[in-house]
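Asker: Please find one structure pasted underneath; my questions will follow.
The values are calculated or read from the model by the stated rules, or taken from the named source; none is laboratory data. These figures come from a predicted structure and were not determined experimentally. Because the Cβ atoms are built from the backbone with ideal geometry, glycine has one as well, and the counts that use them run over all protein chains shown.
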Amino acid sequence: MSRTPLVLGNWKLNLTRAGARTWCASFRALAEAEPLPRGVAIGVAPTFTSLDAAREGCAGLPVLLGAQNLHWEPSGAFTGEISAEMLREAGVTHAIVGHSERRHVFGESDERIGRKVAAAREAGLVPILCVGETEDEREAGRTEEVIEAQLRRGLARTAPRSGAELVLAYEPVWAIGTGKVALPGQVEEAHGFLRSVLAAATAPGLASEVRILYGGSVNAGNAAGLIRLPEVDGFLVGGASLDPAGFRRILEAAAAG
Ligand code: PEP
């Protein structure tokens, strides 16, 4: 089953509206100098306040707009939150759900993450469900138990019907923002395991269609090696996505893989 790779830049709490415009202008200049690689889907996930600046700044370029988070209710007394429909209205097509910083810094539970995945799907957004173990969990031999539980609970309230309706991201917590990229064997093993859980938990045939991204200190230097792994279908890129030229090199590696 061939799956078109997806590379999504997670800008986290970076880039103001002016910063988003500058990023897009640089990325556009690179694309004008040399066409963007074909065969890779490209996206960025700016802060909520920079969504429209990124959408306008990257207009005409094949750049999908992602959100970093969402709330599961469509409206109501939920101060500080944003709904899937509001994101859709802003031009968002993909929503990161259950990122490790949401889980560990903001205490998001699997139950809430499951609600968010369902809310994203109901609004027509593609959820990018993130799972990953901590260093302690890996050292204790609990990686599979942890990521299986996160995956099953994340999908507990929704039943995607095609591979286009869901993206998974395997992001070992110890590899995010640390410069410690997971070893190829660890990545391949985790992705293969997630696909087997997906096969057991979802409609027949769906597991082979769903893209499983790797995230955790991906950069222009290591992307080519990672994308050659058969189970790696692209990347969720944090720090290295903030530099348009470096991000572009990751796209090239993903397209060539
Ligand atoms: C992320 O935020 O999803 C991520 C993988 O970050 P980094 O690439 O900086 O490790």
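Asker: As an exercise: evaluate Lys116 against (1) at pLDDT 95 or above; (2) under 23 Å from Ala256 (Cα atoms); (3) not acidic (Asp, Glu) and give the number of the one condition it does not meet.
Answerer: Looking at each condition in turn, Lys116 falls short on (2).
Asker: Right, something else. Please give the number of the condition Glu101 fails out of (1) assigned to a helix (DSSP H, G or I); (2) touching a Leu at 6+ places or on another chain (Cβ under 8 Å).
Answerer: Evaluating Glu101 over (1) assigned to a helix (DSSP H, G or I); (2) touching a Leu at 6+ places or on another chain (Cβ under 8 Å) leaves (2) as the failure.
Asker: Out of curiosity, is Arg103 buried (at least 18 other Cβ atoms within 10 Å of the Cβ), more than 16 Å from the ligand (Cβ to nearest atom), among the charged types (D, E, K, R) and at negative phi? Quick ask: steps written out before the conclusion?
Answerer: Details: buried (at least 18 other Cβ atoms within 10 Å of the Cβ): yes; more than 16 Å from the ligand (Cβ to nearest atom): no; among the charged types (D, E, K, R): yes; at negative phi: yes.
When the stated conditions are applied, Arg103 does not pass them.
Asker: Return a yes/no flag: does region 137-152 have any residue that is within 16 Å of the ligand (Cβ to nearest atom) and either within 17 Å of the chain's Cα centre (by Cα) or small (Gly, Ala, Ser) (or both).
Answerer: Checked against the condition, which is being within 16 Å of the ligand (Cβ to nearest atom) and either within 17 Å of the chain's Cα centre (by Cα) or small (Gly, Ala, Ser) (or both), region 137-152 yields at least one hit.
Asker: Just for region 45-60: of the residues that are surrounded by 15 or more Cβ atoms within 10 Å (Cβ to Cβ) and hydrophobic (A, V, I, L, M, F, W, C), which one is farthest from Trp23 (Cα to Cα)? So that I can check it myself, show each step before the final result.
Answerer: Going residue by residue through region 45-60, those that are surrounded by 15 or more Cβ atoms within 10 Å (Cβ to Cβ) are 45-48, 50-55, 57-58.
Adding the requirement that they be hydrophobic (A, V, I, L, M, F, W, C) leaves 45, 48, 51, 53-54, 58.
Details: Ala45: 12, Phe48: 16, Leu51: 13, Ala53: 10, Ala54: 8, Cys58: 9 Å.
Taking the candidates together, the pick is Phe48.
Asker: Same structure again: Being touching a Pro at 6+ places or on another chain (Cβ under 9 Å) and assigned to a loop (DSSP other than H, G, I, E, B) is true for just one of Leu226, Leu206. Which residue is that? So that I can check it myself, show each step before the final result.
Answerer: Numbers: Leu226 fails: assigned to a loop (DSSP other than H, G, I, E, B).
Among Leu226, Leu206, only Leu206 is touching a Pro at 6+ places or on another chain (Cβ under 9 Å) and assigned to a loop (DSSP other than H, G, I, E, B).
Asker: In the list Asp233, Asp243, which residue meets the criterion of being of a type outside the set (Gly, Ala, Ser) and farther than 30 Å from Arg161 by Cβ?
Answerer: It is Asp243.
Asker: Moving to a separate point now. Across region 112-136, what is the number of residues that are under 18 Å from Arg102 (Cα atoms) and in contact with a helix residue (DSSP H, G or I) (Cβ under 6 Å, 6 or more places away or on another chain)?
Answerer: So the answer is 12.
Asker: Same structure, new question: Every residue in region 155-186 that is among the acidic types (Asp, Glu) and either surrounded by 20 or more Cβ atoms within 10 Å (Cβ to Cβ) or within 16 Å of the ligand (Cβ to nearest atom) (or both), please. Break it down stepwise before answering.
Answerer: The first filter runs over region 155-186 and keeps only residues among the acidic types (Asp, Glu), leaving 165, 171.
Within region 155-186, Glu171 is the sole residue that qualifies.
Asker: Looking at region 139-196 only, could you name the residues that are assigned to a helix (DSSP H, G or I), small (Gly, Ala, Ser), more than 20 Å from Gln68 (Cβ to Cβ) and in contact (Cβ under 8 Å) with a residue 24 or more places away in the chain?
Answerer: Restricting attention to region 139-196, the residues satisfying the condition of being assigned to a helix (DSSP H, G or I) are 139, 143-154, 163-165, 173-175, 184-196.
Narrowing further to those that are small (Gly, Ala, Ser): 149, 154, 163-164, 175, 185, 190, 192, 196.
Remaining after also requiring more than 20 Å from Gln68 (Cβ to Cβ): 149, 163-164, 185, 190, 192, 196.
Result: Ala149, Gly163, Ala164, Ala190, Gly192.
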